1. Can you pull the one-decimal nm distance between simple spin-label points at residue 144 and residue 111, each 7 Å off the Cα toward Cβ?
2. Given the Cα-Cα distance of residue 129 and residue 72 and 0.36 nm per residue of separation, how much length would full extension add, in nm?
3. Which whole-number percent gives the relative contact order of the chain, counting Cα pairs below 8 Å spaced six or more residues apart?
4. Report the FRET efficiency, 1/(1 + (r/R0)^6), for residue 28 and residue 58, where r is their Cβ-Cβ distance and R0 is 25 Å, rounded to 0.05.
5. Placing +1 on the Cβ of each Lys and Arg and -1 on the Cβ of each Asp and Glu in segment 62-111, which of 104, 94, 65 has its Cα farthest towards the positive end of the resulting dipole?
6. Using a 1.4 Å probe on the protein heavy atoms, what percent of the accessible area of segment 1-129 belongs to carbon and sulfur?
7. Hey, of (i) 25; (ii) 18; (iii) 13, which did the structure itself give for percent of Cα pairs over 29 Å apart when calculated?
8. Dipole of the chain, Cα-centred, from +1 at each Lys and Arg C-beta and -1 at each Asp and Glu C-beta, to the nearest 20 debye?
Amino acid sequence: MSETFQKAIDTLSPSQGEKEALQRAVATGRIDAADYEAAHSRYAQCMTTRGFAPAFRKSSGGFYVELPYLAVKDAAALDDATLECSMDTRVLEALYRLQQANPNLVTDSRLVAVQCLKREGAVGADYAAEEFQRDWSTHEFPFDPDHAAYNDCLYGAGYAYFTVNE
């Protein structure tokens, strides 16, 4: 992971706060949870300041899952706020989620999701990445994707799935 953190410093233009946290992570091989929590807090405060009330669920892996915003009257303003607020935290947030959900740096995100779903008991040992791809494309899963642990597997692998009841 240290190499990944150094590459992020060199190529992704992290904010100063992110850069300092990543430099510490290069030395230790891990992003410290306190650095992640501070970045998350900055993001949440920024969104609140811009008039949005972000809701989160903390995953069993320790990263936050941002829940859908309900009854948003101005989607463009939400998009603008999300983009602006994430500029100071985006690199650290993504790398922390990677560290927690995919520490072996598996390049196939489908496989990351499947491995996690198997660990959680959501699918059988024979469930394959190709089956997951089919299920993802139809949103017909052999498990409840709204179940928090299974949803964390999806989110941690880069698949945001939420059933929104407004």
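The values are calculated or read from the model by the stated rules, or taken from the named source; none is laboratory data. Treat the numbers as computed from the prediction; the structure is a model and nothing was measured. No Cβ is skipped: glycine too gets one built from the backbone with ideal geometry, and neighbour counts run over all protein chains shown. Surface accessibility is based on the protein's heavy atoms, side chains included, excluding ligands, DNA and RNA. Shrake-Rupley method; radii C 1.70, N 1.55, O 1.52, S 1.80 Å.
1. Reported label-point gap for residue 144 and residue 111 is 3.1 nm.
2. Extra length from residue 129 to residue 72 when fully extended: 17.0 nm.
3. Details: 173 pairs, mean separation 35.4, N = 166.
For the chain, the relative contact order is 21 percent.
4. 0.65
5. Positive-most Cα among the choices belongs to 104.
6. The value for segment 1-129 is 52 percent carbon and sulfur by accessible area.
7. Looking at percent of Cα pairs over 29 Å apart for this model, the match is (i).
8. For this selection, approximately 380 debye.
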